[in-house]
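Engineer: First, the structure itself, so that you have it in front of you.
Coordinate-derived values only; no laboratory data. Small disclaimer: the values here were computed from a predicted structure and weren't measured. Every residue, glycine as well, gets a Cβ built from its backbone with ideal geometry; the counts of neighbours run over all protein chains shown.
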Amino acid sequence: MNTTQNQIRPVFPFTAIVGQEEMKLALILNVIDPRIGGVMIMGDRGTGKSTTIRAIADLLPEIEVVQDDFFNSHISDYELMSDDVKNKINEGLTLKTKFVNVPMIDLPLGATEDRVCGTIDIEKALTEGIKTFEPGLLAKAHRGILYVDEVNLLDDHLVDILLDSAASGWNTVEREGISMRHPSRFVLVGSGNPEEGELRPQLLDRFGMHAEIRTVKEANLRVQIVEQRSNFDQNPYACLKEFKNKQEELKKIILTAQQKLSSISIDYDLRVKISEICGLLDVDGLRGDIVTNRAAKAFAAYKGKENVNVTDIKAVITLCLRHRLRKDPLDTVDSGLKVQQVVDKILDD
């Protein structure tokens, strides 16, 4: 991390954040494997949601992108390249690259579809036969993090577009019969306050994980959080220096986990148990099974293991399933607790 005095605006260090372990774990696992499908963070106001999300983006190692490309294209991975870059490589052209910080894009609540997806210049296309594309936020977010604060207040149509792009890894824009597509693989992070309304169950289900955060009640911990923040505000560079080693250590762990992920295996018996839990909880569809398998592998990689075990599944399954349970207005048991009860019953047998 760059701690020099010319840094534009210092970001609060991720490893300095006190508490909120559930939210931090969900973000780390999504960074290790973006195919988990993002995370929805619901909690009280003033609990450090935005601070934590910006901190994880700042922590990540720089990525190599093709120079002068709108879409942060990867130089060797076909899945992460724009069609233009693919064509140039197929023609045998040598492309220059550069290293940039992982993109962290904030989606404003009032954003229009054009601002999110990008626009095609129809006039130019029809008169000159040239496809001119003005990239939107989905292009800028490719290979990074797209953050939507108050996602429960965002237009449902826009949430659908975001979730479709996050799931497919591509964004397609069509205007008057003219089509343009580009890669758009990002970690989608939504946050919101449950008091301001819930997300529709169909949309909620599309988020890979759901982290709940509460205001810290313990006085000692609250004092520690306030002191940590005050120290950073008074002298951010001293704070960055203090946490530099911890930041570098976590960065290495994340990098190693990303490289190791593809070799992590999960036994058939454990996969059956995950599906058994989803069945007993009456989880609709198979998304819960898929996400739990991916998250357990990411957690095992994060912990430096070769295979997934019961502990890994227990660490992630509540995050993956709690938002997929059918809501019963008369139910007094918290959905997270309900998941935990079934998990203990099946996995401890």
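Engineer: Which distance in Å, rounded to a whole number, links the C-alpha centroids of region 197-237 and region 33-87?
Structural biologist: Cα centroid of region 197-237 versus Cα centroid of region 33-87: 21 Å apart.
Engineer: Once you sort the root eigenvalues of the Cα gyration tensor of region 6-159 as a ≥ b ≥ c, which label holds: rounded (a/c under 1.5), prolate (a/b larger than b/c) or oblate (the other case)?
Structural biologist: Since a/c reaches 1.5 but b/c is at least a/b, the shape of region 6-159 is classed as oblate.
Engineer: Also: Using the Cα centre as the reference, give the magnitude of the dipole from point charges on the C-beta atoms of region 264-347 (Lys, Arg: +1; Asp, Glu: -1; all else neutral), rounded to the nearest 20 debye.
Structural biologist: 240
Engineer: Place +1 on the Cβ of every Lys and Arg and -1 on the Cβ of every Asp and Glu in the chain, take the dipole about the Cα centre, and give the residue among Gln228, Leu109, Leu153 whose Cα lies farthest towards its positive end.
Structural biologist: Gln228
Engineer: How much length would be gained if the chain were fully extended between Thr311 and Leu337, taking 0.36 nm per residue of separation minus their Cα-Cα distance, in nm to one decimal?
Structural biologist: Value of the extension gain: 7.7 nm.
Engineer: Once you charge only the Cβ atoms, +1 for Lys and Arg and -1 for Asp and Glu, what is the size of the charge dipole of the chain about its Cα centre, to the nearest 20 debye?
Structural biologist: That gives a dipole near 1040 debye.
Engineer: Considering the values [x] 28, 50, 14, 7, 2, 0; [y] 24, 51, 23, 2; [z] 27, 57, 15, 0, which represents P(r) over Cα pairs in 20 Å bins from 0, in percent as calculated for the structure under consideration?
Structural biologist: So the structure-derived entry is [z].
Engineer: For helix 268-280, what angle does its Cα long axis make with the longest principal axis of the chain, in degrees from 0 to 90 and rounded to 10?
Structural biologist: The angle comes out at about 80 degrees.
Engineer: Can you tell me the 0 to 90 degree angle between the C-alpha axis of helix 310-321 and the longest principal axis of the chain, rounded to 10?
Structural biologist: So the inclination is approximately 70 degrees.
Engineer: Counting DSSP beta bridges with both partners in the chain, what percentage is antiparallel, nearest 5?
Structural biologist: 40
Engineer: With each label point set 7 Å from Cα along the Cα-Cβ vector, what nm distance links Lys96 and Asn220?
Structural biologist: Label at Lys96, label at Asn220, 5.7 nm between them.
Engineer: Going toward the positive end of the dipole of region 264-347, with +1 on Lys and Arg Cβ and -1 on Asp and Glu Cβ, which of Ala298, Ile266, Gly279 do you reach last?
Structural biologist: With unit charges placed on the Cβ atoms, the residue in question is Ala298.
Engineer: Using a Förster distance of 22 Å, how high is the FRET efficiency between Gln67 and Trp170, based on the Cβ-Cβ distance and rounded to 0.05?
Structural biologist: 0.50
Engineer: A further question on this structure: Any idea what angle helix 156-168 forms with the longest principal axis of the chain, computed on alpha-carbon atoms, 0 to 90 degrees, nearest 10?
Structural biologist: Once rounded, the angle reads 90 degrees.
Engineer: In addition: Assign one of three labels to region 77-160, namely rounded, prolate or oblate, based on the Cα gyration tensor with a ≥ b ≥ c the square roots of its eigenvalues; rounded applies when a/c is under 1.5, prolate when it is not and a/b is larger than b/c, and oblate otherwise.
Structural biologist: Note, shape of region 77-160 comes out oblate.
Engineer: What ranking do 105-113, 339-347 get when scored by the average of other Cβ atoms within 10 Å per residue, highest first?
Structural biologist: Ranking, from highest mean packing down: 339-347, 105-113.
Engineer: Can you show me the helix-derived [θ] at 222 nm for the chain, built from DSSP H runs with n ≥ 4 at -39,500 (n - 2.57) apiece and divided by the number of residues, rounded to the nearest 500.
Structural biologist: That comes out to -13500 deg cm²/dmol.
Engineer: Indicate the gyration tensor shape class of region 264-347 (rounded, prolate or oblate), computed on the Cα atoms with a ≥ b ≥ c the square roots of the eigenvalues: a/c under 1.5 is rounded; otherwise a/b larger than b/c is prolate and the rest oblate.
Structural biologist: Prolate shape, in that a/c is at least 1.5 and a/b is the bigger ratio.
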